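Notes for the one structure printed next.
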Amino acid sequence: MAKVFVVTSGKGGVGKTTITANLGCTLAKFGEKVCVIDADIGLKNLDVVLGLENRVVYTLLDVVNGRVNAHEALVRHKQLRNLYLLAASQIATKEMISPEDMKAIVKELYPKFDYVLIDSPAGIERGFRNAVASADSVLIVTTPEVPAISDADRVIGLLENFGFAEKSMKVVLNRFKVKMVKAGDMLTREDVQSTLALEIIGVVPDSEDVIIATNKGLPVVLNGSVDVSKVFENIARRLKGEEVSIDEDLFRSSKTGIMALIKKLLGKKRG
Ligand SMILES: Nc1ncnc2c1ncn2[C@@H]1O[C@H](COP(=O)(O)OP(=O)(O)O)[C@@H](O)[C@H]1O
Ligand SMILES: [Mg+2]
């Protein structure tokens with residue numbers, strides 16, 4: 001039986017799709033059988049981030065409408081053969097799919113997988129409720145900025161009302177900038193932890209490599225920065241129940257910061 005995680009946030013654009021794609025790839029690299037589901041209906045971009053948009057034939061909506069079953073709708077990743085995607089439909093609206101539909105789909109899939117990761121829309125409307133309905137655990141993505149954190153806090157309250165226990169909710173702190181934290185210009189991991197009062201399961205550095213990789217349709221863990229990849233490996237290990245210190249992630253973040261600085265200096269010299 002798979003572990004079913006929903007990746008969500010309060011604020012939009014904080015990195016849910018990036019985290020879902022890279023974590024999915026990393027777990028698959030570790031030999032786990034992984035299904036990622038794009039429940040951000042109407043926007044659809046998990047397929048693009050994974051470089052699979054040309055291979056999508058059926059979507060979540062086709063499964064809901066009974067045209068195909070969930071397994072028939074899956075797209076297999078090109079390099080990572082034990083990673084599968086269930087894509088979102090661009091033409092569908094969130095109202096065309098109900099939380100019960102999502103539950104039925106995940107129920108059909110989870111006996112065949114080790115992990116199911118659901119990429120959710122931000123916020124609190126129907127799409128969000130669809131995405132969380134079928135999950136047993138939640139990864140809440142936030143950046144270390146006050147508006148993102150306060151929206152995350154609101155969503156955590158909502159998830160509690162939906163019945164999620166504290167231990168089934170973890171925070172992924174994304175786009176962390178060690179330099180700014182050191183200068184006192186950004187919230188620290190401790191600040192975030194004490195505001196949200198949940199375990200932080202990963203600190204992902206802010207990295208140009210993530211943006212470059214996304215634009216190429218190859219997640220950063222398959223394509224770019226060793227340090228960012230290492231952070232996703234740490235998160236995957238923690239999900240699997242291993243003890244990996246969060247300081248490992250912060251060390252990688254500071255290395256990423258130094259690399260960015262060196263690149264910038266070299267670029268300036270050349271220019
Ligand atoms: N760690 C990171 N470093 C740099 N850019 C990032 C990082 N995480 C996400 N991004 C960028 O932020 C933007 C929004 O990310 P995305 O994953 O689409 O967010 P969401 O799914 O929450 O809307 C994308 O352009 C993505 O490349
Ligand atoms: Mg997204």
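Residue pairs whose Cβ atoms lie under 7 Å apart, sitting 6 or more positions apart in sequence or on different chains, and linking a residue in segment 178-194 that is in a loop (DSSP other than H, G, I, E, B) to a partner that is surrounded by 15 or more Cβ atoms within 10 Å (Cβ to Cβ) and basic (K, R), are M186/K177. In the set S225, S253, only one residue is of a type in the set (G, A, S), within 16 Å of C25 (Cβ to Cβ) and surrounded by 21 or more Cβ atoms within 10 Å (Cβ to Cβ); that residue is S225.
Every residue, every condition in (1) modelled with pLDDT of 80 or more; (2) in contact with a strand residue (DSSP E or B) (Cβ under 7 Å, 6 or more places away or on another chain), yes or no:
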site: N234; (1), (2): yes, yes
site: R237; (1), (2): yes, no
site: K240; (1), (2): yes, no
site: I262; (1), (2): yes, no
site: G267; (1), (2): no, no
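Would segment 60-79 turn up any residue that is within 16 Å of the chain's Cα centre (by Cα) and in contact (Cβ under 8 Å) with a residue 12 or more places away in the chain?
Taking every residue of segment 60-79 in turn, none turns out to be within 16 Å of the chain's Cα centre (by Cα) and in contact (Cβ under 8 Å) with a residue 12 or more places away in the chain.
Condition check ((1) more than 16 Å from V6 (Cβ to Cβ); (2) small (G, A, S); (3) surrounded by fewer than 21 Cβ atoms within 10 Å (Cβ to Cβ); (4) touching an Asp or Glu at 6+ places or on another chain (Cβ under 8 Å)) across all residues:
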site: K94; (1), (2), (3), (4): no, no, yes, yes
site: D101; (1), (2), (3), (4): no, no, yes, no
site: K112; (1), (2), (3), (4): yes, no, yes, no
site: S134; (1), (2), (3), (4): no, yes, no, no
site: V138; (1), (2), (3), (4): no, no, no, no
site: P147; (1), (2), (3), (4): yes, no, yes, no
site: V155; (1), (2), (3), (4): no, no, no, no
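For segment 74-102, the set of residues classified as touching a strand residue (DSSP E or B) at 6+ places or on another chain (Cβ under 6 Å) and of a type in the set (A, V, I, L, M, F, W, C) consists of L74, V75, L83, L85, L86, A87, A88, listed by residue number.
What's the total number of residues in segment 1-46 that are more than 12 Å from ligand 1 (Cβ to nearest atom), modelled with pLDDT of 95 or more and either surrounded by 24 or more Cβ atoms within 10 Å (Cβ to Cβ) or not charged (D, E, K, R) (or both)? Residues that pass the stated criteria total 14.
Going through V138, V172, V106 one at a time, which residue ends up being at pLDDT 95 or above, within 16 Å of ligand 1 (Cβ to nearest atom) and under 30 Å from N69 (Cα atoms)?
V138
For segment 64-84, indicate whether the set of residues that are modelled with pLDDT of 90 or more, under 29 Å from P147 (Cα atoms), surrounded by fewer than 21 Cβ atoms within 10 Å (Cβ to Cβ) and not aromatic (F, W, Y) is non-empty. Taking every residue of segment 64-84 in turn, none turns out to be modelled with pLDDT of 90 or more, under 29 Å from P147 (Cα atoms), surrounded by fewer than 21 Cβ atoms within 10 Å (Cβ to Cβ) and not aromatic (F, W, Y).
The values are calculated or read from the model by the stated rules, or taken from the named source; none is laboratory data. Since the model is a prediction, treat every value here as computed from it, not as a measurement. Cβ sites come from the backbone with ideal geometry, for glycine too, and all protein chains shown count toward neighbours.
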